[in-house]
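Just so you know, all these numbers are worked out from the coordinates, no wet-lab data involved. Since this is a predicted model, take the numbers as computed values, not measurements. Neighbour counts run over all protein chains shown; Cβ positions are idealised from the backbone, glycine included.
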């Protein structure tokens, strides 16, 4: 929402709008924290409230780059709560708060290594042309009819979203879809189906693996902190059937909503070559996925196996220092900021206050539905990483109130729903990129992303309750 800083600071020169907007939002955060102080909250919760509100407001408005806000948030948590300066008006009221090391340990989680490995794999694929070759190979046999072509676009997008960021996947697939659009009449409704299928499929497939989206990484980290464990393949066993079902519904809905009016159907796609280095990238990627999937057999954590592609690509100069410098480091910092913020909510017991919105004696289906509904609603307007950072810790404390449903269920449901918040053009970066193609309107996103997101959320909650009932 880059226009919000301008609305907050009308008439000011461009160079100082964002700093002034950030200052205004910080004042609002301090005001909310003051209300918490007046209400008698302990000092650590008042300070945590100030950091939480300021971070969320800055993330929502994008007044500062998201990663910059995350970095500032981590620094404030250390300064105000760890209190390394031993100032008597900061830190915990009891004097026994977490240390600087505790906050850094929360931010620098092993799951970041897993996500870093995914970024390296993605960079290697883009650099060697593997992504374009595989996409062309997957789409070329599917160009004989609208139904087949749409299925090919959805399948290719979903495949790349397993190991590439949703944003990178959307950029790739939109590049491949443009030549197809050029071969369709301007008034054919099916053009919309091909474009909107890309971000919706990328968002849905973002649930598939722990490295597919930041909310997944945050969820895995919190499951581990709870003393539980979910492997790479364990996550996929839960997510992939659900993803396949939602993708099938998406395919059916788009075909029904945007029927092609083109009578003679013929689509030609350009060919793409694959170099020896490209073949090597595919081999390494397959070895890496095999190591992740077989974790229960060899016992090597996925975060450790993540070193395999990094080592092999550096050793064979597929990835160089310049490539490392061009990686999406801001995403890793954003995840770290989310993990640290969640730790602050837990250690100050602020998550308990947030979870108290739902009555303690409420049944599990009410708690889970309320959590999922709030995640979906707020995620429609805010970054899914920010929403996961807020609601995953709340999911953990909510699970502690349950007598029949565990932490893993609550946390995984929250992460899944965060990925399904895609009802508006600004809901996710993939949505914004597709909207920029000038083929879609906000109504197209509401009609598809909103409907699939709401239906998917209902299905996720229902399946979680059903499975819990059957095995409980």
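For the chain, relative contact order (Cα pairs under 8 Å, six or more residues apart, normalised by length) works out to 19 percent. Which shape class, rounded, prolate or oblate, goes with region 91-207 when its Cα gyration tensor gives a ≥ b ≥ c as root eigenvalues, a/c under 1.5 marks rounded, and past that a/b bigger than b/c marks prolate? Note, shape of region 91-207 comes out prolate. In terms of its alpha-carbon gyration tensor, region 1-107 comes out prolate; a/c meets the 1.5 threshold, and the first ratio a/b outweighs b/c. From the alpha carbon centroid of region 316-343 to that of region 437-472 is 30 Å. Once you reduce region 268-309 and region 50-76 to the center of their Cα atoms, the two points are 35 Å from each other.
Extension gain for the segment residue 34 to residue 304, taken as residue separation times 0.36 nm less the Cα-Cα distance, is 92.8 nm to one decimal. For region 226-342, evaluate the Debye formula with one uniform point scatterer on each Cα (no solvent term) and list log10 I(q)/I(0) at q = 0.14, 0.15, 0.19 Å⁻¹, rounded to two decimals. Calculated log10 I(q)/I(0) at the listed q: -1.01, -1.08, -1.20. When you count the other C-beta atoms within 10 angstrom of each residue and take the mean per peptide, 319-331, 22-34, 196-208 line up highest first as 196-208, 22-34, 319-331.
Remark: the Cα gyration tensor places region 244-300 in the oblate category, a/c being 1.5 or greater and a/b not exceeding b/c.
With angles folded into 0 to 90 degrees, how steeply does helix 43-61 sit against the dominant principal axis of the chain? Use alpha carbons for both and round to 10. Between the helix axis and the principal axis of the chain, the angle is about 30 degrees.
Summary value for region 101-170: 33 percent relative contact order, contacts being C-alpha pairs under 8 angstrom separated by 6+ residues.
Here the relative contact order of region 78-204, from alpha carbon pairs under 8 Å that lie six or more residues apart, stands at 20 percent. Estimated at 0.36 nm per residue, the fully extended path between residue 249 and residue 75 surpasses their Cα-Cα distance by 58.3 nm.
Packing order of peptides 157-169, 413-425, highest average first: 413-425, 157-169 (average count of other Cβ atoms within 10 Å over each peptide's residues). Can you work out the FRET efficiency for the pair residue 261 and residue 443, with r the C-beta to C-beta distance and R0 = 25 Å, to the nearest 0.05? My answer for the efficiency is 0.85. Distance between the modelled labels on residue 370 and residue 327, one decimal in nanometres: 4.1 nm (7 Å Cα→Cβ projection). Highest mean packing comes first when the peptides 291-302, 383-394 are listed by Cβ atoms within 10 Å, giving 383-394, 291-302.
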